[in-house]
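Working notes for the structure below.
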Amino acid sequence: MTAGTGRAAAADPRPLFGAYGIVKRFGDFTANDHIDLEIRAGEIHALLGENGAGKSTLMKILYGLLAPTEGVVTHRGDVVRLGSPEDARRLGIGMVFQHFSLCENLTVAENIALVMGRGLGRAALARRIAALGETYGLHLDPERPVWSLSAGERQRIEIVRCLLQDPKLVILDEPTSVLTPGEAELLFTVLERLRAEGRALLYISHRLDEVRRLCARATILRAGKVVGACDPRAESAGSLAAMMVGAQVCEVAPAAPAAPGGERLRLDRLSLPAPGLHATGLRDISLAIRGGEILGIAGIAGNGQAELFAALSGETRAGQAGAVLIDGVPAGHLGVNARRRRGAAFVPEERNGHAAAPGMSLSENVVLSRHATAPLTRFGFLRRGAAQALADRVIATFDVRKAGPDPAAGTLSGGNLQKFVVGREILANPGILVVDQPTWGVDAAAAARIRQALVDLAAAGSAILVISQDLDELFEIADSIAVLHAGTLSPAVTRARTTREAVGLLMGGAEDMPPAVTGAVPPSEAAHAT
Amino acid sequence: MRLDLVPRGHRSPVVEALSPALAFLAAVLVGGVAVSLLGVSPAAAFSVYFIAPLSELWSLQEIAIKAAPLALIATGLAFCYRANLWNIGAEGQFVVGGLAGGMVAIATHGSTGATFWILPAMLAAGTLAGIAYAMIPALLRVKLGVSEILTSLMLVYVAELLLDYMARGPLRDPAGFNFPQSVTFDDAARLPSLMEGDTLHAGVLVTLAAVGLAVVVLGRSLFGFEMRVVGASPRAARFAGFGAERLTLAAFAISGGAAGLAGIVEVAGRIGQLQPTISPGYGFTAIIVAFLGRLSPVGILVAALVIALTTIGGEAAQIDLRLPLDLTRAFQGLLLGLVLGADVLTRFKVRLVPGAAR
């Protein structure tokens, strides 16, 4: 299938870039197993797959970060050697990473100049940034320091950096994972524009709706192999997900609406100063969750989610005991283990290094958060058998895939480690569960499993607080939704009485939307996009 | 041209166990080259360094007596280093422990009646003094955020000068013809000899007990687990509710206590009196021993024996072959570098990436 409307597409029958028979082994593990992929000019090509399917490995091979064990990469039919990202850039391959590599204390222009190397003066660079902004609607103030920018604006820097090198192929890794719905719309406009210019885009995302909307071709990876290619527009999100995981994905079954129980968790005008220069303080946060209820907290990263989580878990103690009430009893002064003993459990956002110690075994990681609430110690000594038994229960109940009997947590794939850390807390039968980004970077099957577990736990009478940037997730499982913006929390609204658009507006800080978001698309661009 | 370290997917336990031995072999080869450049036959040097000390009873005892304080101090330091705390002032804690314990012996000198309590009191005083001295950098770090590396190191010199002053001044033996040393301790204040008439004393048993205790505490207890988590993933440790302040104080208390105990064991065992200097740098060498032993108590015991062997062998080489003592020091440093390098090679593959020059 050739790509849609690109001008340059039809001229050359050979694909712009091809990867043939790509094999990449890490020791005994085969991350890519004879993968063929062709990318044509003027198409947005989706690369779909679960976590651990081999997408990142393939992407890194195409960008010269990894050398394939076998196989070749071609450019217009000629075999090319990609020994480093510089080789890739010379061939016109650019990359927008999922995790931004920006220096917070430098300005936009300085961050861009960092990767441009010598030979381009400050004024010339500023002119080129402005020109790109004009052409693509990527408006950036070159003099703004990066720490003052939203995630969407930061991503724009990455895209501009990439476009300054006039790439023929742009690889985008999960580009919308940090964006508000509005910012994502702007990004799609830019991507459409790039495609229409005849550039190729390799689009990696978990969000199947986006893929169906943007992409004309998709290559699906599973366990390191290509398992299918399709036109995502002709498929449903469900059928795409099924191809990715090799089985029909169950939708989350809503629990029978039980009568809500008594109030289990309350925050009463919780305020905390910002813990650091670029951190967010919390201002007058109040909320209440009853047993059987799931409260979703939406918001863009960096609006106080980490600080709110720490205040709930007790990693940061509140100034007043009464600011946090667990089952009606003041708990703001208590540390994390005292709160656990009162029936609360917590799942932080970062799996590696916060929820789990990556270098330690799974059984040791069970001890990490459960030593105060499970019989894992006797007279100060570890009961290793009991820890292993509990780890095995988590692994069996939540279908955690692993290599070896008790591997280090860091060797698990993201989705499996997330199932492990969520399962570890759920098996404690918590009366209150606080989860930060429960399915961040997790494949569809694992995400469905985790969401189902949360819904089931609520149905059993627990109060659950879910902090998430994923609106689809919140609208799927939360009973009511509140929005965290700049350290303040909007009142919670029941799911039935709000919409994604209304929540999206609050996430952007409705009453004072940054001009970059509202006015970024000049009339001419807007006309082009439609 | 660029060097990349690529993590090995699969790590062979055999290779990991063999890597220190291979590093030792490499160090011996490099050392052999250095020896031959100095005009001495490498075979003769090898024999004097590594064979002779192992073939005579007196030198075996010397090795044990030298290894004991090294292993005891390094075992304590392992708790600190596992928790990412850098107490490099064990030398000072050693000296203060020896001084405090020795003062008990001097104060009870010549006492009659029940004397069975004197030796335990000395050991307790030495341990407590080491703990107290280690609390200075620990509290400065916890309360004021002062770098423990600097304070613990600088306090070494304070301790050494304090001992020097005490041995020359207030604690000098009045009947000692103005020699800068204290009275010779009574028998009740000496660690008993393990073999009649020989130098091997009961301090060796203290070290073995401490190493055994450390194996259990570090590997099996919740406290040891806390130490390991704090060092490996500080944020996960906070999530687990392990208080960093409490663990910092505990780690310094353990390492300071072990060093202080080693100090008084040395004074009550080998030396038998207070002198202006009581340590040939045990507290610093123990840092090498701790890392050679990869911060595991059993590994530390082996590493201490190896270092003691090279030290005894080095002294013999100085006498028999006129090789400089610096060569021994250089060899010990070389050994540490190679062991750490071999560790990196077991964990990573080294890949040469051609081109990509900046």
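The values are calculated or read from the model by the stated rules, or taken from the named source; none is laboratory data. These figures come from a predicted structure and were not determined experimentally. A quick note on method: Cβ atoms are made from the backbone with ideal geometry, for glycine too, and the neighbour counts reach across all protein chains shown.
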Q) Of the residues that make up the range B:254-276, is at least one in a loop (DSSP other than H, G, I, E, B) and within 14 Å of another protein chain (Cβ to nearest Cβ)? A) no
Q) What residue, among those in the range B:308-358 that are part of a strand (DSSP E or B) and more than 26 Å from B:Pro13 (Cβ to Cβ), is modelled with the lowest pLDDT? A) B:Val353
Q. Any chance the range A:125-135 includes a residue that's in a helix (DSSP H, G or I), modelled with pLDDT under 80 and not aliphatic (A, V, I, L, M)?
A. no
Q) Does A:Gly94 fit the bill of being among the small types (Gly, Ala, Ser), out of contact with any Ser or Thr (no Cβ under 6 Å at 6 or more places or on another chain) and at pLDDT below 85? A) no
(Q) Among the residues of the range A:141-182, what is the count of those that are within 18 Å of the chain's Cα centre (by Cα), assigned to a loop (DSSP other than H, G, I, E, B) and not assigned by TED's automatic domain parsing to the domain that holds A:Ala200? (A) 1
Q. For the range A:263-291, which residues satisfy the criterion of being modelled with pLDDT under 90 and buried (at least 21 other Cβ atoms within 10 Å of the Cβ)?
A. A:Thr280
Q: Read through the list (1) in contact with a helix residue (DSSP H, G or I) (Cβ under 8 Å, 6 or more places away or on another chain); (2) in contact (Cβ under 8 Å) with a residue 60 or more places away in the chain; (3) over 26 Å from B:Glu148 (Cα atoms), then give the number of the only condition that B:Glu315 fails.
A: (2)
**Q.** From A:Leu47, A:Leu65, residue being within 27 Å of A:Phe188 (Cβ to Cβ), part of a strand (DSSP E or B) and within 23 Å of the chain's Cα centre (by Cα)
**A.** A:Leu47
Q: Filter the range B:175-201 down to the residues that are among the hydroxyl-bearing types (Ser, Thr, Tyr) and either in contact with a Phe, Trp or Tyr (Cβ under 7 Å, 6 or more places away or on another chain) or under 11 Å from B:Gly269 (Cα atoms) (or both), then identify the one that is modelled with the highest pLDDT.
A: B:Ser193
Q. Is there a residue being outside any loop (DSSP other than H, G, I, E, B) and aliphatic (A, V, I, L, M) anywhere in the range B:183-196?
A. yes
Q: Taking only the range B:50-85 into account, find how many residues are surrounded by fewer than 22 Cβ atoms within 10 Å (Cβ to Cβ), among the small types (Gly, Ala, Ser) and assigned to a helix (DSSP H, G or I).
A: 3
Q: Output the qualifying pairs, or none if there are none: Cβ atoms under 6 angstrom, residues six or more apart or on different chains, first residue in the range B:159-174 and of a type in the set (Gly, Ala, Ser), second residue outside any loop (DSSP other than H, G, I, E, B).
A: B:Ala159/B:Gly92; B:Ala159/B:Val95; B:Ala159/B:Val96
Q: Being within 22 Å of A:His354 (Cβ to Cβ), outside any loop (DSSP other than H, G, I, E, B) and at pLDDT below 90 narrows it down to one of A:Ala502, A:Ala496, A:Ala447, A:Ala516, so name that one.
A: A:Ala447
Q: Among the candidates A:Leu417, A:Leu474, single out the residue that is in contact with a strand residue (DSSP E or B) (Cβ under 7 Å, 6 or more places away or on another chain), of a type outside the set (Ser, Thr, Tyr) and away from chain B (no Cβ under 14 Å).
A: A:Leu474
Q | Test: B:Ser255 is at negative phi, without any contact (Cβ under 8 Å) to a residue 24 or more places away in the chain and of a type in the set (S, T, N, Q) | A | no
Q. Counting only residues that are assigned to a helix (DSSP H, G or I) and surrounded by fewer than 18 Cβ atoms within 10 Å (Cβ to Cβ), which one in the range A:315-325 is nearest to the other protein chains (Cβ to nearest Cβ)?
A. A:Ala321
Q: Go through the range A:1-30 and count every residue that is assigned to a loop (DSSP other than H, G, I, E, B), at pLDDT 50 or above and not charged (D, E, K, R).
A: 5
Q.
Residue pairs, Cβ under 9 Å, 6 or more apart or interchain, first in the range A:396-407 and polar (S, T, N, Q), second surrounded by 12 or more Cβ atoms within 10 Å (Cβ to Cβ). List them.
A. A:Thr397/A:Gly423; A:Thr397/A:Ile426; A:Thr397/A:Leu427; A:Thr397/A:Ala453
Q: Just need a number here: residues in the range A:272-295 that are part of a loop (DSSP other than H, G, I, E, B), over 18 Å from A:Ala344 (Cβ atoms) and touching a strand residue (DSSP E or B) at 6+ places or on another chain (Cβ under 7 Å).
A: 1
Q) What tally of residues in the range A:326-353 results from selecting those that are crowded, with 22+ Cβ neighbours inside 10 Å, within 11 Å of chain B (Cβ to nearest Cβ) and free of Cβ contacts under 8 Å to residues at least 60 places away in the same chain? A) 2
Q | Residue check, B:Gly39 assigned to a helix (DSSP H, G or I), of a type in the set (Gly, Ala, Ser), out of contact with any Lys or Arg (no Cβ under 8 Å at 6 or more places or on another chain) and farther than 21 Å from B:Val289 by Cα | A | no
Q: Identify all residues within the range B:156-204 that are under 23 Å from B:Thr112 (Cα atoms) and acidic (Asp, Glu); write none if there are none.
A: B:Asp173, B:Asp186, B:Asp187
Q) Counting just the residues of the range A:68-110 that are assigned to a loop (DSSP other than H, G, I, E, B) and among the charged types (D, E, K, R), which one comes out nearest to A:Lys168 (Cα to Cα)? A) A:Arg76
Q) Does any residue of the range A:414-435 turn out to be farther than 30 Å from A:Gly262 by Cα, crowded, with 18+ Cβ neighbours inside 10 Å, of a type in the set (D, E, K, R) and touching a residue at least 60 places away in the same chain (Cβ under 8 Å)? A) no
Q. Could you give every pair whose Cβ atoms fall below 7 Å, whose first residue belongs to the range B:210-227 and is within 13 Å of chain A (Cβ to nearest Cβ) and among the basic types (Lys, Arg), and whose second residue is surrounded by fewer than 20 Cβ atoms within 10 Å (Cβ to Cβ) and part of a helix (DSSP H, G or I), counting only separations of at least 6 or pairs across chains?
A. none
Q | Exclusive hit being in contact with an Asp or Glu (Cβ under 6 Å, 6 or more places away or on another chain), without any contact (Cβ under 8 Å) to a residue 60 or more places away in the chain and within 29 Å of A:Thr494 (Cα to Cα), set A:Ala323, A:Ala318, A:Ala310 | A | A:Ala323
